[in-house]
Amino acid sequence: MTKHPSFEFDRRRLLGLAAGAAATAPFAAFAQTGGDAQLKIATIGAGREGGALGTLFAKQGHPVMFSSRHPDELKDLVAAAGPTAQAGTIEQAVKFGDVVLLVVPYTAVEGIGRDYGKALAAKPLVIDVSNPIARRDGDAIVSRVAEQGGAGLATAKLLPGAHLVRAFNAINFRRLPEDAHRAGDPIGVPIAGDDPAAIALATKLIKETGFEPVLVGGLAMGKYLVPGTPLAGEHSPAEIRQIAATLK
Ligand SMILES: NC(=O)c1ccc[n+]([C@@H]2O[C@H](COP(=O)([O-])OP(=O)(O)OC[C@H]3O[C@@H](n4cnc5c(N)ncnc54)[C@H](OP(=O)(O)O)[C@@H]3O)[C@@H](O)[C@H]2O)c1
């Protein structure tokens with residue numbers, strides 16, 4: 001496993017992020033208050049998983065823009081997510097979001113990179129929830145992703161310069177509302193990334209939703225953050241650390 005420093009919330013790190021971020025004001029506020037300020041979250045993809053994840057962030061009070069190619073079909077989702085939620089086109093969401101969640105079939109990632117890659121590279125964090133799945137995306141894509149070292153490294157090629165963290169990739173959308181802020185020990189969310197500031201921000205945001213992020217390594221470890229691997233599903237943070245230690 002790639003060795004990575006573990007990240008607790010680090011105010012100086014987030015202040016550094018604020019200094020470098022395209023939209024400085026919200027990041028500075030987020031860092032200064034230790035997270036009470038609300039970042040704008042955009043989802044590219046607002047289906048089962050994107051809808052459920054965006055709703056978690058909206059329930060935390062973050063302004064959320066769900067997006068799809070048919071934003072007029074998202075009225076029920078927006079109403080259920082609450083007053084901080086709205087819907088838009090992908091272009092509007094990319095403009096809106098301080099942080100972007102990419103939650104689309106893997107076949108869509110290439111086109112999104114082509115159309116919005118430059119704008120996404122200017123965001124301090126893109127959370128990549130998308131997985132290559134043979135029965136949906138086809139064997140050719142799955143083989144290509146594998147040749148490139150798995151989903152983390154493959155997404156980085158499709159979104160050059162993006163500050164990527166893979167997260168939530170194999171927690172079923174139905175489980176997200178129940179698992180968030182559950183009583184007792186939190187459910188762990190394995191995360192993988194190469195950018196320390198993006199990891200710090202993802203860590204903070206994921207903790208806010210009532211999960212415990214566990215950094216398992218760099219984007220090369222993103223290949224394990226897909227359904228069908230030992231890290232898939234719901235695990236405690238300790239279980240994730242144990243499993244990750246057996247993976248290379
Ligand atoms: N379902 C889960 O429990 C789960 C859990 C973890 C990770 N994931 C991963 O999350 C991703 C989404 O899964 P899902 O279950 O949420 O799928 P879904 O319910 O089918 O939703 C897919 C979303 O992606 C959008 N989309 C599809 N093709 C697109 C394109 N070419 N360009 C832009 N947007 C496009 C769709 O929007 P429009 O068609 O309206 O534009 C829709 O909002 C997948 O990679 C999946 O493996 C899913």
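Counting only residues that are assigned to a helix (DSSP H, G or I) and either free of Cβ contacts under 8 Å to residues at least 12 places away in the same chain or of a type in the set (A, V, I, L, M) (or both), how many does segment 122-137 have?
The number of residues fulfilling the criteria is 2.
Does segment 132-157 hold any residues that are buried (at least 22 other Cβ atoms within 10 Å of the Cβ) and within 13 Å of the ligand (Cβ to nearest atom), and which are they?
Result: PRO132, VAL145, ALA151, ALA154, THR155.
Condition first: of a type in the set (A, V, I, L, M) and either within 25 Å of ALA121 (Cβ to Cβ) or in contact (Cβ under 8 Å) with a residue 60 or more places away in the chain (or both). Can you find one or more residues in segment 79-90 that meet it?
yes
Quick check, is ALA119 away from the ligand (no atom under 14 Å from the Cβ), out of contact with any Asp or Glu (no Cβ under 6 Å at 6 or more places or on another chain), open to solvent by 10 Å² or more (accessible area, probe 1.4 Å) and part of a helix (DSSP H, G or I)?
yes
Filter segment 79-91 down to the residues that are within 13 Å of the ligand (Cβ to nearest atom) and not small (Gly, Ala, Ser), then identify the one that is nearest to VAL145 (Cα to Cα).
Within segment 79-91, the match that is nearest to VAL145 (Cα to Cα) is ILE90.
Give segment 189-213 a look and list any residue that's of a type in the set (A, V, I, L, M) and more than 16 Å from ALA58 (Cα to Cα), or say none.
VAL189, ILE191, ALA192, ALA197, ALA198, ILE199, ALA200, LEU201
Conditions: (1) part of a helix (DSSP H, G or I); (2) more than 8 Å from the ligand (Cβ to nearest atom). ALA108 meets all but one. Number of the miss?
(2)
Condition (residue is charged (D, E, K, R) and in contact with a helix residue (DSSP H, G or I) (Cβ under 6 Å, 6 or more places away or on another chain)) applied to segment 165-178: is it met by at least one residue?
yes
Kindly provide the set of residues from segment 160-176 that are surrounded by fewer than 22 Cβ atoms within 10 Å (Cβ to Cβ) and more than 12 Å from the ligand (Cβ to nearest atom), ordered by number.
Once the filter is applied, which keeps residues that are surrounded by fewer than 22 Cβ atoms within 10 Å (Cβ to Cβ) and more than 12 Å from the ligand (Cβ to nearest atom), segment 160-176 yields PRO160, GLY161.
The values are calculated or read from the model by the stated rules, or taken from the named source; none is laboratory data. Since this is a predicted model, take the numbers as computed values, not measurements. So basically every Cβ, Gly included, is an ideal-geometry build from the backbone, and we count neighbours across all protein chains shown. These area figures cover heavy atoms from the full protein model, side chains too; ligands, DNA and RNA do not enter into them. Shrake-Rupley method; radii C 1.70, N 1.55, O 1.52, S 1.80 Å.
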